[in-house]
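Below: the structure, in structure tokens.
Since every read-out is calculated from the coordinates, none of them should be taken as a lab result. All figures in this text were calculated on a predicted structure; none of them were measured in a lab. When we count neighbours, we look across all protein chains shown, and the Cβ atoms used for this are built from the backbone with ideal geometry, even at glycine.
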Amino acid sequence: MAFTEMAYKALQDIVGSENVSNDPAICQAYSRVQWLPSGVLQRERCGLAMRPACVVMPGSTQEVQRILQVANRYTFPFVPRGSGFTFSAFPTLAGTIVIDPKRMDRIIELNEKDMYAVIEPYVSFVGLQAEAMKCGLYTPTPLAGSQVSCLANYSWHGAYGNSWITGIGAQNLLGFELVLPDGEVVRSGSMACPGAGSFWNDGPGPDLRGFLRSGMFGHAGGMGVVTKISCKLWPYAGPAEFPAEGTANMKFSSSLGENWKWYMIKFPLKYPEQEEQELRKSAELFYEMGRAEIGEVATHLAQQFLYTYSSVTKQDLFDNMKNDVFPSGFCVVALQGKTSPDQLAYEDRVLHDIVKKVGGIFVKEDEPAYQVWIKRAANEWIRFGNAQRLSRASDCFSIGSSNVDSIDQIVYEILESNKVGRDLLKNEGLGKDFVQPLSMNGGWISPQEYGYWCLHTTDVFPEQAVDQCNQAIEIIGKVTKSQFERRSAAAAIHMIGPAYDLFGPMMGDVHLIVKGLKREFDPGNLSNPGYATRPDVVTPEELAKMMGH
Amino acid sequence: MAEALQTMQDLSGKVAGIVGSARVFTAGDLLDKYSANEGCSQTGRPDIVAQVSSREQVQALVRLANECGVPVVPRSSVTGFYGGSVPEQGGIVIDMSGMKKILRIDPKNRWALFEPGVTYGELQAELNAKGMTALLPLAPHPDKSVITSCLEREPKLMPKHHLDETILTMELVLPTGGFFHTGSMAVSQEPPEKVQAAAHTDLCNFMGPGLDWFRLLPGSLGAYGIVTAMNVKIAVKPTMQKLIFFGFKNLQDAVEPWYHLLHKLIGDECLLLNSRYLALLLAKEPGDISRLQAGLPPYTIILNLTAGEHRPEEKMAYLEKAVQDAARIFQLQPMESLPHAQDAAAALQAILSKPWDDGGAYWKWRGRGASREVFFLTQLQRAPEFLRELQSAAAGSGYPISDMGLYLQPKQNGRAFYMEAGFSFSPDDPAEKARAEQVQGEASRGLVDKGAFFYRVYGPWTELVYGRTGNLQKTLKRIKHTLDPNNILNPGKLGF
């Protein structure tokens, strides 16, 4: 049954007619993500067909519950949305409704003593960060940008530039409230027990976060609607009000006070010829810092990230590239004196010991790289995450490859996947019109939890043109294929959408397990169909089509 | 069910065909051992005990159980505490305590990979030799399986960042009998110790595939899968350490200073014990317990300051200064030894670095021979309220409050606190036992009513806790039904 007038009236009855709309102009705004190649191609392929049937804005968990009950009665699909940053927030089938949580935007609790917050879906990082900092706490900030929904980011995976201690978003998720696809409400963690508070994540019994999330992607709205979470906050020794200078795009913060200290570290190597040595030296630095348990931020940024993240305008980006401000990748480290200024002084001495041991060089304050990165961009990693700036180069970008494993394996994967990309450029001309040299070199190394594990991305920068986006998708596909052929740990992180059918048989038939859960909880495939997987097993013919045969 | 079970003899014969007849037990005293745990009254007799020695045997037994429709209960520790491995519906107990291989230690990436029968003592001996240490709970029983401890989510002594989640990757036997690898181990289906030779992975990604198994499995008491190998985080052994004590007359006085120490990230291992539990740990002879207890502060925060390879003296200096600053703010007197226990620091440093190995009774049982426990999570600021509830339940049951042990363990830099009360009794005295169990029951009900969070759910707590959590248990049951359609693995343990 498709979405009908009766269903629309039922939704009006639940949320009030002012909070539901099928106005084409409004619905069009919810139709696709623009900055990803897949969004560009969807626009080309589907035109207006992917416009949602309506957009509904519930104001409470009870309203979400009733919306899902109506969806089950009239059997129309729904897409839960956070702030709408990424591809899974947009319909893939005609007749789908979008559930926009704009009215659910409360920080319900911010517990200073026990370092957690309870929030609704439309609380953004910038809102939470501002409130947390007033209490001497903070949250890691997603590269996706501080405008995104904390709840959606934590339920997805959430990669941050400052997660050396805090880990990724999935690790910062505590309890949650979930409206299952059939409309039943379930709570997890201490939030599940009346009167217990929302401070804790696992139990009672099995930790239901293991069901809500999976790998790097979570269920992406495929298992109902998360209506509330509690999340971790971390000790913060910076100023209660984030210092900022300038206005609008030129706004920046040059200092977080005496308890923070930033460093840029490079190696005396020729780039890009000695990129491998540079990445391995960076890994050595991070392993040593991890053993010593020092630092608040530790990451390695390739040229493309340094240029794009630090640019305040497109002109600025190309000027910096022209002036060779970042002649190679750099390691970026911050120390935070959370115990005392003496701690910061101690860690400073240890960092100098380690950098000397691994053959690194501290970038001097008068070097252009330091002036542009540390003075203008570094503190923005604490405030807003910077990643929107990735699209500054070409108005479009995509992750070219990613992996999660040890720091050493991350270095291996960056080198191998870039090699695939460079070979495709050289032999088939794929990516020749992308913004270069930003694509095909280096990567972002992001060690987590003092280096117990690490993640990376490499990125490609096609323009918002169909031909270039097709090339980007082809490059990503071939890099992914090589990851499976090489038996890279990266193969284990790709599970979303058709990847389940393609790769599940190689991984203990995990697709059958996830499809079984989908059939159990969402037999009608109404909750964001396509994410994380569909309930039925794909036929060999469909599979062959997926693989392009 | 593919094959109807004819007789017990048929089944035991098939089990013997998998593990060898010498490793199969169907009668006698040995079955009694598997019918009860030390720390609970719940009993349930298995029909068969199979002592396995390999992953393949575990898999074959689960497949056989599916064919025959017989329950399977996994067990890794020789000594159980809370009834998780006591059968609810008979069937086969798979005893994995003999699977003792430490498959790999990776000091660079700070993990160790091992089988279910490996105990903390066995692991720690190997790690010590490499300058590493396990992330230990407080003086675990010498028989305790590390994998069981991680799956039961016993609190660790180190409350830093995400060290409460120690599991990286796992190999499971799924309820339907297939092997399944989690996290980055999933890129190869080779046995765990061979995965790194077959694939480009260092087994450091704990997430996925499909579900976050590293979270779903713990707390499931074996109902969602049997772990046959696991790699967990380990830590670099400190080069210097110093134990500091803060004594308090009442628990409320400890709250603000402890928040301060934790938020300032001062020290590594950190816990609070009341005089009873501290005396049980420190007494050289059981006869010394009462005397020692009388001389100790009622409540003691124990804080271990540590330093590693880099400039250890300088690190200790800033930490000690931070301790002094905290002491000044809260008008406390940090101590390097304890009244009537001058060697407490050295003794406790040894105790905190290994499982209980005193050779006599386990420390919690030293007082009177056995104990019953109540444990849950709370915010520190609510701990005094819950202590009053415990004391009230003890008084109401006629249990001497001075015999009640208390242990508080911060998690995640003090975001939450594990709180445990122990009620010791003489196992030879039925009245004492009944009284300890009465106070355990009364306290549990009162605490749950007041909002104590029973994150680990055993025995009678199952109904008490899940009865208040809405659709949670139903959701867990739906997951179970999907993973285990024949309801083979530890049925009844989660209340279904």
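Could you list A:Leu317, A:Leu455 so that the one with the fewest beta carbons within 10 Å of its beta carbon is first and the one with the most is last? If you can, show how the numbers build up before the last one.
Working: A:Leu317 20, A:Leu455 24.
If I rank by nearby Cβ atoms, fewest first, I get A:Leu317, A:Leu455.
Write down the Å³ per residue value for the convex hull defined by the alpha carbon atoms of the protein assembly as shown. List each step's numbers first, then the result.
On the way: hull volume 168.5 nm³, N = 1045.
For the protein assembly as shown, the hull spanned by Cα atoms encloses 161 Å³ per residue.
If a/c stays under 1.5 just call it rounded; otherwise compare a/b with b/c (prolate if a/b is bigger, oblate if not). Do that for segment A:180-258, with a ≥ b ≥ c from the square roots of the Cα gyration tensor eigenvalues.
In terms of gyration-tensor shape, prolate.
Treating only the Cβ atoms of Lys and Arg (+1) and Asp and Glu (-1) as charged, compute the dipole magnitude of segment B:28-143 about its Cα centre; round to the nearest 20 debye. Could the numbers behind the result be given before it?
Values: 11 positive and 13 negative charges, 107 e Å.
Its charge dipole is roughly 520 debye.
Taking the Cα atoms only, what angle lies between the long axis of helix A:407-428 and the longest principal axis of chain A, rounded to 10 degrees?
On a 0 to 90 degree scale, this one is about 80.
Along the Cα→Cβ direction, 7 angstrom out, place labels at A:Gln147 and A:Ser17. What is the inter-label distance in nm?
Here the answer is 3.2 nm between the modelled labels.
Among A:Gly360, A:Ala378, A:Tyr412, which residue has its Cα furthest toward the positive end of the charge dipole of segment A:347-418, with +1 on Lys/Arg Cβ and -1 on Asp/Glu Cβ?
Looking along the dipole axis, the top candidate is A:Ala378.
Measure nothing but the geometry: give the 0 to 90° angle between the long axis through the Cα atoms of A:37-46 and the longest principal axis through the Cα atoms of chain A, rounded to 10°.
That helix lies at roughly 30 degrees to the long axis.
Counting just the Cα atoms, what span does segment B:8-95 cover along each of its three principal axes? Round to the nearest Å and put the largest first.
34, 24, 23
Taking every DSSP beta bridge with both residues inside chain B, roughly what % is antiparallel (nearest 5)?
On the way: 59 of 68 bridges.
Roughly 85 percent of the beta bridges in chain B run antiparallel, per DSSP.
Please compute the alpha carbon radius of gyration of chain B, then divide it by the globular-protein estimate 2.2 N^0.38 Å. Two decimals is fine. Intermediate results must be reported in sequence, preceding the final value.
Values: Rg = 22.9 Å, N = 496, 2.2 N^0.38 = 23.3 Å.
The value comes to 0.99.
Could you compute the net charge surrounding A:Asp182? Neighbours are other residues with a C-beta less than 15 Å from the C-beta of A:Asp182; K and R count +1, D and E count -1.
On the way: positive: A:Arg66, A:Arg73, A:Lys518, A:Arg519, B:Lys474, B:Lys477, B:Arg478; negative: A:Glu184, A:Glu520, A:Asp522.
Net charge in that neighbourhood comes out at +4.
For every other residue with a beta carbon closer than 14 angstrom to the beta carbon of B:Ile329, add +1 if it is Lys or Arg and -1 if Asp or Glu, then tell me the sum.
Working: positive: B:Lys264, B:Lys321, B:Arg328; negative: B:Asp253, B:Glu256, B:Asp325.
Value of the local net charge: 0.
Quick one: check the C-alpha center-to-center distance for segment B:178-220 versus segment B:253-308, whole angstrom.
For segment B:178-220 versus segment B:253-308, the Cα centre distance is 38 Å.
Given the C-alpha atoms of segment B:240-450, compute the convex hull and give its volume per residue in Å³. Spell out each step's value before the answer.
Numbers: hull volume 24.1 nm³, N = 211.
In segment B:240-450, the Cα hull volume divided by residue count equals 114 Å³.
Could you point to the residue in B:Ser220, B:Ala307, B:Gly492 farthest towards the positive end of chain B's charge dipole, with +1 and -1 charges on the Cβ of Lys/Arg and Asp/Glu respectively?
Of the listed residues, the answer is B:Ala307.
Equivalent ellipsoid semi-axes for chain A, as square roots of 5 times the alpha carbon gyration tensor eigenvalues: give them largest first, rounded to whole Å. Walk me through the numbers before you get to the answer.
Details: eigenvalues 281, 161, 96 Å².
Each semi-axis is √(5λ); the values are 37, 28, 22 Å.
With equal scatterers on the alpha carbons only and no solvent term, can you work out the Debye log10 of I(q)/I(0) for segment A:3-109 at 0.10 1/Å?
Here the Debye-derived log intensity ratios amount to -0.27.
Could you state the principal axis extents of the C-alpha atoms in segment B:102-236, from the largest down, to the nearest angstrom?
Over segment B:102-236, Cα extents along the principal axes are 36, 31, 27 Å.
From the cross-link list B:Lys108/B:Lys242; B:Lys144/B:Lys364; B:Lys160/B:Lys364; A:Lys232/B:Lys315; A:Lys232/A:Lys261; B:Lys130/B:Lys237, which pairs have alpha carbons spaced over 19 Å apart?
Working: B:Lys108/B:Lys242 26 Å; B:Lys144/B:Lys364 14 Å; B:Lys160/B:Lys364 26 Å; A:Lys232/B:Lys315 27 Å; A:Lys232/A:Lys261 24 Å; B:Lys130/B:Lys237 9 Å.
Listed pairs above 19 Å: B:Lys108/B:Lys242; B:Lys160/B:Lys364; A:Lys232/B:Lys315; A:Lys232/A:Lys261.
What's the exposure ranking of A:Ser31, B:Ser35, A:Ser282, B:Ser145, going from fewest to most Cβ atoms within 10 Å? All intermediate terms of the calculation are to be shown ahead of the outcome.
Details: A:Ser31 21, B:Ser35 16, A:Ser282 27, B:Ser145 31.
Listing A:Ser31, B:Ser35, A:Ser282, B:Ser145 from fewest to most nearby Cβ atoms yields B:Ser35, A:Ser31, A:Ser282, B:Ser145.
Which one, A:Asn72, A:Leu41, A:Gln12, projects farthest toward the positive side of the charge dipole computed for segment A:5-99 from Cβ point charges (K/R +1, D/E -1)?
The one lying farthest along the dipole's positive direction is A:Leu41.
Just how large is the dipole of segment A:304-416 about the Cα centre, in debye to the nearest 20, putting +1 at every Lys and Arg Cβ and -1 at every Asp and Glu Cβ?
320
Using a simple spin-label model with points 7 Å from Cα along the Cα→Cβ vector, what separation in nm is obtained for A:Glu109 and B:Gln324?
Taking the two extended label points, one gets 3.9 nm.
When the scattering of segment A:80-146 is computed by the Debye formula from its Cα atoms alone, each counted once and equally, what is log10 I(q)/I(0) at q = 0.21, 0.26 Å⁻¹?
Values, matching the q order: -0.90, -1.16.
Would you mind computing the Rg to Rh ratio of segment B:358-496 from its alpha-carbon coordinates, Kirkwood style for Rh? Write down the numbers at each step before the final one.
Values: Rg = 17.0 Å, Rh = 16.6 Å.
My calculation puts Rg/Rh at 1.03.
Starting from the Cα of A:Asp395, step 7 Å along the direction of its Cβ; do the same at B:Ser21; then give the gap between the two resulting points in nm.
8.1
At a 10 Å Cβ-Cβ cut-off, how would you order A:Ser21, A:Ser311, A:Ser190, fewest neighbours first?
By the 10 Å Cβ count, ascending, the order reads A:Ser21, A:Ser311, A:Ser190.
Would you mind working out the magnitude of the charge dipole of segment B:102-236 relative to its Cα centre, with +1 at each Lys and Arg C-beta and -1 at each Asp and Glu C-beta, to the nearest 20 Debye? List each step's numbers first, then the result.
Numbers: 11 positive and 14 negative charges, 66 e Å.
Roughly 320 debye, rounded to the nearest 20.
Give, in whole angstrom and from largest to smallest, the semi-axes √(5λ) of the equivalent ellipsoid of segment A:112-189, with λ running over the eigenvalues of the Cα gyration tensor.
On the way: eigenvalues 95, 42, 29 Å².
For segment A:112-189, the ellipsoid semi-axes come out as 22, 14, 12 Å.
From the backbone phi of segment A:440-449, what are the Karplus-calculated ³J(HN,Hα) couplings (6.51 cos²θ - 1.76 cosθ + 1.60, θ = phi - 60°) in whole Hz, Gly and Pro given as x?
6, 10, x, x, 9, 9, 10, x, 10, 6
For segment A:499-546, compute Rh as the Kirkwood radius over C-alpha pairs and then the Stokes-Einstein diffusion coefficient at 37 °C and 0.692 mPa s; write the answer in µm²/s, rounded to an integer. If you can, show how the numbers build up before the last one.
Details: Rh = 10.9 Å.
This corresponds to a translational diffusion coefficient of 301 µm²/s.
For segment A:1-46, what is the per residue volume of the convex hull drawn over the alpha-carbon atoms, in cubic angstrom? Walk me through the intermediate numbers first.
Working: hull volume 5.0 nm³, N = 46.
For segment A:1-46, the hull spanned by Cα atoms encloses 109 Å³ per residue.
From the C-alpha coordinates alone, can you work out the Kirkwood hydrodynamic radius of segment A:358-418, in Å? Intermediate results must be reported in sequence, preceding the final value.
Details: mean 1/r = 0.0684 Å⁻¹.
It is 14.6 Å.
Taking chain B as the reference, fit the longest principal axis to its C-alpha atoms, fit the long axis of helix B:430-450 to the helix C-alpha atoms, and give the angle between the two in degrees, 0 to 90, nearest 10.
The answer is roughly 80 degrees.
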